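Asker: Right, I'll just put the structure down here and ask away after.
The values are calculated or read from the model by the stated rules, or taken from the named source; none is laboratory data. Keep in mind the model is a prediction, meaning the values are calculated, not measured. Quick reminder, even Gly has a Cβ in these numbers, built from the backbone with ideal geometry, and neighbours come from all protein chains shown. SASA here: full protein model, heavy atoms, side chains in, ligands and nucleic acids out. Shrake-Rupley method; radii C 1.70, N 1.55, O 1.52, S 1.80 Å.
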Amino acid sequence: MPVWRQLVEALRRRIAAGELAAGTRLPSTRMLARDLELSRNTVATAFEQLLADGWLDGRRGAGTFVAHRPPPAAPPPMPSPDTRSVLSARGEAIAASVATWRPTPGAPRPFRPGVPAADLFPWPTWRSVCNRVLRSSRSDLFGYGEPGGFPPLR
């Protein structure tokens, strides 16, 4: 189980057991990462999951706190690495709506974050440009390039 998931489970257990009472301010992600000797990204990912699941509340400029009303039911078990990740109830609703929505030809489209208008993408042009670049067989395609960016765009 990834370290961020282990942290999520440990914090959930402490909240559920009452060791971390509602309203308790948690340390910043930087401080907790330092204290646990973890990457800040690992701690931030765990906090984001707990925020999404309703176990924590975040207040801009004030910090992260244990939610006054944690989720009513026990959290679903964390999935094994070969299964789909667990989403909050809102995340499940969004995922379901995106998965079932299909455009009607000629009808106006609703704004859908993360769902590109693939039917409007210039595929022939994209294919042509990709093929031209790949035919050049330049080894610099696999490097990092100039530290200052592409010279003609500087």
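Asker: If a residue must be more than 23 Å from residue 151 (Cα to Cα) and not in a loop (DSSP other than H, G, I, E, B), how many such residues does segment 113-141 contain?
Answerer: Total meeting the criteria: 8.
Asker: Let me ask something else. In segment 6-38, which residues are over 11 Å from residue 66 (Cβ atoms), open to solvent by 30 Å² or more (accessible area, probe 1.4 Å) and in contact (Cβ under 8 Å) with a residue 24 or more places away in the chain?
Answerer: Once the filter is applied, which keeps residues that are over 11 Å from residue 66 (Cβ atoms), open to solvent by 30 Å² or more (accessible area, probe 1.4 Å) and in contact (Cβ under 8 Å) with a residue 24 or more places away in the chain, segment 6-38 yields 9, 28, 36, 38.
Asker: Taking segment 19-64 only, how many residues are over 25 Å from residue 91 (Cα atoms) and of a type in the set (Val, Ile, Thr)?
Answerer: 1
Asker: Tell me which residues, restricted to segment 46-63, are assigned to a loop (DSSP other than H, G, I, E, B) and either surrounded by fewer than 15 Cβ atoms within 10 Å (Cβ to Cβ) or among the hydroxyl-bearing types (Ser, Thr, Tyr) (or both).
Answerer: If the condition is that a residue be assigned to a loop (DSSP other than H, G, I, E, B) and either surrounded by fewer than 15 Cβ atoms within 10 Å (Cβ to Cβ) or among the hydroxyl-bearing types (Ser, Thr, Tyr) (or both), then 60, 61, 62 are the ones that fit.
Asker: Same structure, new question: Return the only residue of 66, 86 being touching a helix residue (DSSP H, G or I) at 6+ places or on another chain (Cβ under 6 Å) and either modelled with pLDDT of 65 or more or open to solvent by less than 40 Å² (accessible area, probe 1.4 Å) (or both).
Answerer: Result of the check over 66, 86: 66.
Asker: Would you pick out the residues in segment 9-23 that are over 21 Å from the mean Cα position of the chain (by Cα) and over 18 Å from residue 61 (Cβ atoms)?
Answerer: Across segment 9-23, the qualifying residues are 13, 14, 15, 16, 17, 18, 19, 20, 21, 22.
Asker: OK, next. Just one of (1) without any contact (Cβ under 8 Å) to a residue 12 or more places away in the chain; (2) surrounded by 15 or more Cβ atoms within 10 Å (Cβ to Cβ) trips up residue 43, so point out which.
Answerer: All conditions pass for residue 43, except number (1).
Asker: Next up: Out of 44, 52, 95, which single residue is within 16 Å of the chain's Cα centre (by Cα) and modelled with pLDDT under 70?
Answerer: Of the residues listed, the single one that is within 16 Å of the chain's Cα centre (by Cα) and modelled with pLDDT under 70 is 95.
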